[in-house]
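Below is one structure, written out as structure tokens, with a few remarks after it.
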Amino acid sequence: MGNIFLIRHPEIVNHKARRFYGWTDIGLSQIGLDQATRLISRLSREKISLVYSSDLYRAHYPASLLAQSLNISHISLCSLREIHFGRWEGLTYEEIEKADPDLCRRWMNLADDFRFPDGESIAEFSHRILQGYEAIIRSAAAQGKNIAVITHGGVIRTLLGQIVRSDLSKGEILLQLDFASISTLQYDESQPEAEPPFRLIAVNEVSHLSS
């Protein structure tokens, strides 16, 4: 039986400005650095065999610290990046609404064919994430390994949506995932051929951040 720990990266600098950062490589705040330390302490109890992460610093850095602490391998993948917001990268919602009111309205209305300007569509993003899930995470978990994946909120929502069979664009996009939170999936040995063969154990665990 293998567990997959899906971890949102720690707090980023200036996060209260509520800017949209997808592929923008932004650093961690002082609180985020403390959260990274607490994450490592929490995950050290889980006998993790391998850690994956996005290649962006906010996920890559804590993943590298975890791998060093546990003396395990760390695989960094650009396929685990957040959605690409295109020319809206680094903007607030108010700035987006002012610059592209019609596109912003289509985004808020969850138009099926919506694409972030010069970026990804939600369908493309979901396909990218689920391909990585199939090729990497599922096979390792089926071998009974515990795996940590440090990545981004949108990535985790997409994977959880696949588990619970919900639609990213219509539902779990609103799921709260705090910085440095842990959501846990467990390989379901009773249904190894199920698609996907996991069950959800915990979502948005943050007890380690206040201990």
**Fill in**
When segment 94-150 is checked residue by residue, the ones that are free of Cβ contacts under 8 Å to residues at least 40 places away in the same chain and under 27 Å from N71 (Cα atoms) are E134, A135, S139
**Request:** Sort out which residues of segment 1-45 are of a type in the set (G, A, S), surrounded by 15 or more Cβ atoms within 10 Å (Cβ to Cβ) and either under 18 Å from the mean Cα position of the chain (by Cα) or within 19 Å of G153 (Cβ to Cβ) (or both), and write them in order of number.
**Result:** G22, S29, G32, A36
**The one condition in (1) at pLDDT 75 or above; (2) touching a helix residue (DSSP H, G or I) at 6+ places or on another chain (Cβ under 9 Å); (3) surrounded by fewer than 22 Cβ atoms within 10 Å (Cβ to Cβ); (4) not in a helix (DSSP H, G or I) that I201 fails to fulfil** = (2)
**Asked** In segment 112-148, how many residues are outside any strand (DSSP E or B), within 23 Å of Y21 (Cβ to Cβ) and hydrophobic (A, V, I, L, M, F, W, C)?
**Response** 7
**Request:** From R165, R106, grab the single residue that is of a type in the set (K, R) and modelled with pLDDT of 75 or more.
**Result:** R106
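Just to be sure before I move on: is I48 touching a Ser or Thr at 6+ places or on another chain (Cβ under 8 Å) and surrounded by 16 or more Cβ atoms within 10 Å (Cβ to Cβ) in the structure I sent? So that I can check it myself, show each step before the final result.
Details: touching a Ser or Thr at 6+ places or on another chain (Cβ under 8 Å): no; surrounded by 16 or more Cβ atoms within 10 Å (Cβ to Cβ): yes.
The answer is no for I48.
Just for segment 52-101: of the residues that are charged (D, E, K, R) and in a helix (DSSP H, G or I), which one is farthest from F116 (Cα to Cα)?
As a first pass, look at segment 52-101 and keep what is charged (D, E, K, R): 55, 58, 81-82, 87, 89, 94-95, 97-98, 100.
Those still in the list that are in a helix (DSSP H, G or I) too: 58, 87, 94-95, 97-98.
Working: R58: 22, R87: 8, E94: 16, E95: 14, E97: 13, K98: 15 Å.
My answer is R58.
The values are calculated or read from the model by the stated rules, or taken from the named source; none is laboratory data. Bear in mind that the values here come from a model prediction, so they are computed numbers and not experimental data. Here Cβ is always computed from backbone atoms with ideal geometry, including for glycine, and neighbour counts include all displayed protein chains.
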